[in-house]
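Student: Below is one structure. I have some questions about it.
Just so you know, all these numbers are worked out from the coordinates, no wet-lab data involved. All values reported here derive from a predicted model rather than from experimental measurement. Note that each Cβ is placed from the backbone with ideal geometry, even for glycine, and that neighbours are counted across all protein chains shown.
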Amino acid sequence: MAQLPILRYPDPRLHTVARPVAVVDERIRQLVDDMIETMYASEGVGLAATQVDVHERVIVMDTSDQHDQPVVLINPEITERSAEFMLGEEGCLSVPQIYDKVERHARVTVRALGRDGQPFELKAEGLASVCVQHEMDHLLGKVFVEYLSPLKRDRIRTKMLKKTREEQRGG
Ligand code: NI
């Protein structure tokens, strides 16, 4: 396994729309394993392939308390959304150290293929529901800061560009 570099907002590649995975083969399983390793190493609860510059519909997440229950969602589709919404604080590995509130469906049902290529259904609520919706947005090229006001988004953009410049200078 290997850790993969994570694209940082406002990298334009984060706005790429991912295509469906044609076949769950060894290449995809390797990607899944690398994404899981990257997610744990970065202390995130979810990671979409878009964030590691692979534009195929693959998500890994783990919202368990012990971080020992990884969930793999390949070609995920939401089949049910609750009418009820919830407001939760979100962060993103592509927008480090930024957290803000976003409204999401309180519960969603997702159909996807697992790492073994077999279809399954996931009923998610609370943090898992937020995570599924956040990661599925990534596959559509959307980053959570796009739900915030233009003013907040501009501030975040400026902050991230500055951080990236500083790192590139080695500072
Ligand atoms: Ni994210």
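Student: So between residue 79 and residue 169, what do we pick up on full extension, going 0.36 nm a residue minus the alpha carbon distance?
Tutor: Values: separation 90, 0.36 × 90 = 32.40 nm, distance 4.63 nm.
That works out to 27.8 nm of additional length.
Student: Let me ask another. Could you give the length gained on full extension between residue 27 and residue 89, defined as 0.36 nm per residue of separation minus the Cα-Cα distance, in nm?
Tutor: Working it through step by step, the gained length comes to 18.9 nm.
Student: Let me ask another. Want the number for residue 142 to residue 2: 0.36 nm per residue separation, take away the alpha-carbon distance, what's left?
Tutor: 47.8 nm
Student: What FRET efficiency would be calculated for the residue pair residue 17, residue 111, taking the C-beta separation as r and a Förster radius of 22 Å, to the nearest 0.05?
Tutor: Working: r = 19 Å, r/R0 = 0.88.
Efficiency, from the Cβ-Cβ distance: 0.70.
Student: Right, next: Once each part is reduced to its C-alpha centroid, what is the distance from the range 111-171 to the range 14-92 in angstrom?
Tutor: First find each Cα centre; the distance between them is then 10 Å.
Student: What spacing in nm lies between the two simple spin-label points modelled at residue 101 and residue 158, each 7 Å away from Cα in the Cβ direction?
Tutor: 2.4
Student: While we're on this one: Send over the per residue convex hull volume for the range 118-166, Cα only, as a whole number of Å³. All intermediate terms of the calculation are to be shown ahead of the outcome.
Tutor: Values: hull volume 5.9 nm³, N = 49.
Normalising the Cα hull of the range 118-166 by residue number yields 121 Å³.
Student: Continuing with this model, one more query. How large is the dipole of the range 1-130 about the Cα centre if only Lys and Arg carry +1 and Asp and Glu carry -1, each at its Cβ, rounded to the nearest 20 debye?
Tutor: That gives a dipole near 400 debye.
Student: Where nothing but the Cβ of Lys and Arg (+1) and of Asp and Glu (-1) is charged, how large is the charge dipole of the range 89-171 around its Cα centre, in debye to the nearest 20?
Tutor: 380
Student: Next up: Is the C-alpha gyration tensor of the range 79-125 telling us rounded, prolate or oblate? Criteria: a/c under 1.5 is rounded; beyond that, a/b larger than b/c is prolate, otherwise oblate.
Tutor: Note, shape of the range 79-125 comes out oblate.
Student: Rank 93, 136, 112 by how far each Cα sits towards the positive end of the charge dipole of the range 85-171 (+1 on Lys, Arg Cβ; -1 on Asp, Glu Cβ) and give me just the farthest.
Tutor: Going by the charge dipole, the pick is 93.
Student: Just add up the charged neighbours of residue 125: K/R +1, D/E -1, any other residue whose Cβ is under 12 Å from the Cβ of residue 125.
Tutor: Once positives and negatives cancel, what remains is +2.
Student: Evaluated at 10 °C with a viscosity of 1.306 mPa s, what Stokes-Einstein diffusion coefficient in µm²/s does the chain have when Rh comes from the Kirkwood expression over alpha-carbon pairs?
Tutor: Diffusion coefficient, whole number: 97 µm²/s.
Student: To continue, here is another question. Between 24, 38, 64, whose Cα lies farthest towards the positive end of the dipole of the range 1-95 when Lys and Arg beta carbons carry +1 and Asp and Glu beta carbons carry -1, centred on the Cα centre?
Tutor: 24
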